[in-house]
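Asks: Here it is, the structure in full.
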Amino acid sequence: MVNPRKLIKAAGEAKPSFPNGAVARKGHFAAYTRDGRRFAIPIAYLNSSVFKELLRRSEEEFGPPAAANRITLPCDAAYMEHLVASLGDASSASSALKRPCASPAYFSCLIDRSHVTPPSSYFVASKGCEMILEAMISVKVRRWRYHRVRLGPIANWKANLQARTNSGPPSSTGVPASNMAGFVVVLLLSFSAFLVDAEDPYRYFNWDVTFGDIYPLGIRQQGILINGQFPGPDIYAQTNDNIIINVFNSLTEPFLITWQCRNGVQQRANSWEDGVSGTNCPIPPGKNFTYVMHFKDQIGSFFYAPSLAFHKAAGGFGGIRIRSRPGIPVPFGTPDDDFTVLIGDWYKANHTDLKARLDRGKQLPFPDAILINGRSSSSGESFTVDQGLVHLKQLIFLHAVDDDMPCVVTGNTAGKTYRLRISNVGLQTSLNIRVQGHKMKLVEVEGTHTVQNEYSSLDVHVGQSLSVLLVADQPAQDYYIAVSTRFTQRVLTATAILHYSNSNQKPTGPIPGGPTDEIDWSLMQARTILTNLTASGPRPNPQGSYHYGSINVTRTIRLANSAAQVDGKQRYAVNSVSFVEADTPLKLADYFEIGGVFRLGSIADEPTGGKAYLDTSVMAADFRTFVEIVFENKESIVQSWHLDGYNFWVVGMDGGKWGPASRKGYNLNDAVSRCTTQVYPKSWTAVYIALDNVGMWNMRSEFWARRYLGQQFYLRVYTPVKSERDEHRIPSNALLCGRAANATDALL
């Protein structure tokens, strides 16, 4: 074995790697770096938090070792050489930073490589009297993070550090380049504890988006896979985490991902990362883009999905789970396990065929099936693609009927409690879910802890997410889990099975039936979904401490959806305006003050009753106003509306025509706060919104064909005050296109 202390001495010379094919020595294990170098690493190093983190991220990026018969670590050989040397030194990270071996490669592990220069121990970019220091800092070799900080003059730096260690990074007034020598090492050693302890945790993801063959209905279809998975991988996070997702587009066409509750994942002060065509340039084929998001003061169950070119009909969606921070009370005990359940309608036709149909001005047909986590039981076909959601470690499990792949619930003892995070990721159909012989206790809706009512079945409308607790306390046998369409002439049903550990009996009796076209039943259930006023949300204070019902409404906006023919083709509109995409993302046009892309006021605050027409509709709104929005649905469908960047209080819903007198029936105390709401046929739904999030935000129908054909617009929430407290600066890695393609100076 090569002595690690000797490696430290010769950090820039010795190469502690071993030729491919060599057998790891006793007491070592073999691992490969991203660039194919093989290392024999002492098993004792597995106790290091750095290696634990490397192995965890290795499995996220490359899968379990068994899948490839070797361990691949997400870093390059140069980094591994220095890491092995550092771990062998008792003085740990401090001495590692002092050594001259700190090259850019040393810090190239565990960071995204999209549009950010891999930092060295002191990568400096000077502009005028300002500088930006980017550093990856190790504290006692316990954790690695990527930070960007601004520092004041060197003469004031120590005072600034001591004065601000409890309030944030020092102010940025610049460091003369001539003073950098001999300063950076001291800066890193002194700043390391401050930076790591002061900033919220970072979670890094590398996603490769590809086309691939999938067989959810027993026939080959072109699906969109993320890291080879359909549906895509879950995002596991905690309140206030920084989420860094490097998305590489390996498709043959442009691509974007948006985060739903892209709504609930509210992108505070940061519509730059919303992932829709009005805010972001598409990721070109063969290129990548890194989303940088902060889950500030957020909890709950959400999902992500593609936003362009009807890609959602091919997959590319997955779950998002944001758990509470330690120490923040949660109004229910910790479940024995926690799982994502994605339900949605599905078509046999490829997304390209469905898109072509819409482009010809035709409506979508009735869907062919319902999927549960990418699987359907209606045809009895087996699956040939690995769902990859669950490792079967215990005995109680959920799997699609006629399929041996485990898919949702694991456990080992009857009577344990499981949290199911259910999202309707479909294109246009409301769904109902139920579990034979079991009750579901609703505990959370799109980031809001709810009054904990029990239900035998629950409606989940398009784009909505919720969490239920299920207790495995019934006699040992298998039970049906059924998902079926709502408000459709023909009812489609998909089933899965809840299997108890000691069961040798298949489900008995019929598949549990659910409601079909009962509007009143669904409306009454919706009214029982209320905010738990005594429960804490993402912060320690109770959810009921914000008294939305006592705030004066400064503006009422009435939005009416409609279907119409425009130039002989099917279109859908809001207040008679059918949205058409601009040649430049609206957010970029607004930021760079590019005229002619859109005009404020191009959509009215209330229905006009006029003939539908095409326009790039943008509604102006003032920052920190409190508005009432009334969704009016005169059609015979159950509509579903969503606003990016916000949750809103659903204060009322009823049949008939809305009028000022309807406010007498509003719930001004404990209405549920969510990001997507249904509107029943010939009915209205009213919501209150505090416009506290500056940006360009997409308001849309969650009926994806309707959105694609114009039933959407953008709400521009504006303040004349230019402050990073209110809105983040344009990201340095922002993609530029259209009329903003040459506006690169603003990114410097």
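The values are calculated or read from the model by the stated rules, or taken from the named source; none is laboratory data. Only a predicted model underlies this, so the values are computations on that prediction, with no experimental measurement involved. Cβ sites come from the backbone with ideal geometry, for glycine too, and all protein chains shown count toward neighbours. Surface accessibility is based on the protein's heavy atoms, side chains included, excluding ligands, DNA and RNA. Shrake-Rupley method; radii C 1.70, N 1.55, O 1.52, S 1.80 Å.
Asks: Which numbered condition in (1) in contact (Cβ under 8 Å) with a residue 60 or more places away in the chain; (2) within 28 Å of E581 (Cα to Cα) is the only one that P329 fails?
Replies: P329 satisfies every listed condition except (2).
Asks: Let me ask something else about it. Among the residues of the stretch 733-748, write down those that are more than 26 Å from D692 (Cβ to Cβ), modelled with pLDDT of 80 or more and in a loop (DSSP other than H, G, I, E, B).
Replies: Selection gives N733, L735, L736, C737, A741, N742, A743.
Asks: Does any residue in the stretch 652-664 that is in contact (Cβ under 8 Å) with a residue 24 or more places away in the chain and open to solvent by 40 Å² or more (accessible area, probe 1.4 Å) come within less than 9 Å, Cβ to Cβ, of a residue that is among the acidic types (D, E) and assigned to a strand (DSSP E or B) six or more places away or on a different chain, and which pairs are these?
Replies: K657/E632
Asks: Output the number of the condition that V679 fails; it satisfies all remaining conditions of (1) open to solvent by less than 20 Å² (accessible area, probe 1.4 Å); (2) in contact with a Leu (Cβ under 9 Å, 6 or more places away or on another chain); (3) of a type in the set (A, V, I, L, M, F, W, C).
Replies: Checking V679 against (1) open to solvent by less than 20 Å² (accessible area, probe 1.4 Å); (2) in contact with a Leu (Cβ under 9 Å, 6 or more places away or on another chain); (3) of a type in the set (A, V, I, L, M, F, W, C), the one that fails is (2).
Asks: For the stretch 617-659, enumerate the residues that are part of a loop (DSSP other than H, G, I, E, B) and aliphatic (A, V, I, L, M).
Replies: Matches in the stretch 617-659: I637, V638.
Asks: Tell me yes or no: at least one residue of the stretch 415-432 is touching a residue at least 24 places away in the same chain (Cβ under 8 Å), surrounded by fewer than 19 Cβ atoms within 10 Å (Cβ to Cβ) and part of a loop (DSSP other than H, G, I, E, B).
Replies: yes
Asks: Given the condition under 30 Å from P365 (Cα atoms) and within 16 Å of the chain's Cα centre (by Cα), answer yes or no: does some residue in the stretch 280-298 qualify?
Replies: No: zero hits.
Quick grid of which residues meet (1) free of Cβ contacts under 8 Å to residues at least 60 places away in the same chain; (2) under 23 Å from S673 (Cβ atoms):
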{"residue": "V471", "(1), (2)": "yes, no"}
{"residue": "F487", "(1), (2)": "no, no"}
{"residue": "S501", "(1), (2)": "no, no"}
{"residue": "P542", "(1), (2)": "yes, yes"}
{"residue": "S545", "(1), (2)": "yes, yes"}
{"residue": "S550", "(1), (2)": "no, yes"}
{"residue": "A563", "(1), (2)": "no, no"}
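Asks: Can I ask one more? Would you say Y479 is surrounded by 22 or more Cβ atoms within 10 Å (Cβ to Cβ), of a type outside the set (G, A, S), farther than 28 Å from T448 by Cβ and touching a Phe, Trp or Tyr at 6+ places or on another chain (Cβ under 9 Å)?
Replies: Considered against the rule, which asks whether it is surrounded by 22 or more Cβ atoms within 10 Å (Cβ to Cβ), of a type outside the set (G, A, S), farther than 28 Å from T448 by Cβ and touching a Phe, Trp or Tyr at 6+ places or on another chain (Cβ under 9 Å), Y479 comes out as yes.
Asks: Of the conditions (1) within 26 Å of S545 (Cβ to Cβ); (2) aliphatic (A, V, I, L, M); (3) modelled with pLDDT of 95 or more; (4) touching an Asp or Glu at 6+ places or on another chain (Cβ under 9 Å), A671 satisfies every one except a single condition; which number is it?
Replies: Only one criterion in (1) within 26 Å of S545 (Cβ to Cβ); (2) aliphatic (A, V, I, L, M); (3) modelled with pLDDT of 95 or more; (4) touching an Asp or Glu at 6+ places or on another chain (Cβ under 9 Å) is unmet by A671, namely (4).
Asks: Could you grab me the full set of residues in the stretch 663-700 that are polar (S, T, N, Q) and farther than 20 Å from Q298 by Cβ?
Replies: Narrowing the stretch 663-700 to residues polar (S, T, N, Q): 667, 669, 673, 676-678, 683, 685, 693, 698.
The answer is N667, N669, Q678, S683, T685.
Asks: Looking for something modelled with pLDDT under 95 and open to solvent by less than 10 Å² (accessible area, probe 1.4 Å) - is there at least one such residue anywhere in the stretch 322-333?
Replies: Checked against the condition, which is being modelled with pLDDT under 95 and open to solvent by less than 10 Å² (accessible area, probe 1.4 Å), the stretch 322-333 yields at least one hit.
Asks: Can you run down the residue pairs with Cβ atoms below 7 Å, 6 or more apart or on separate chains, where the first is in the stretch 703-727 and among the basic types (K, R) and the partner is open to solvent by 10 Å² or more (accessible area, probe 1.4 Å) and assigned to a helix (DSSP H, G or I)?
Replies: Listed pairs, sorted by first residue: R716/D590.
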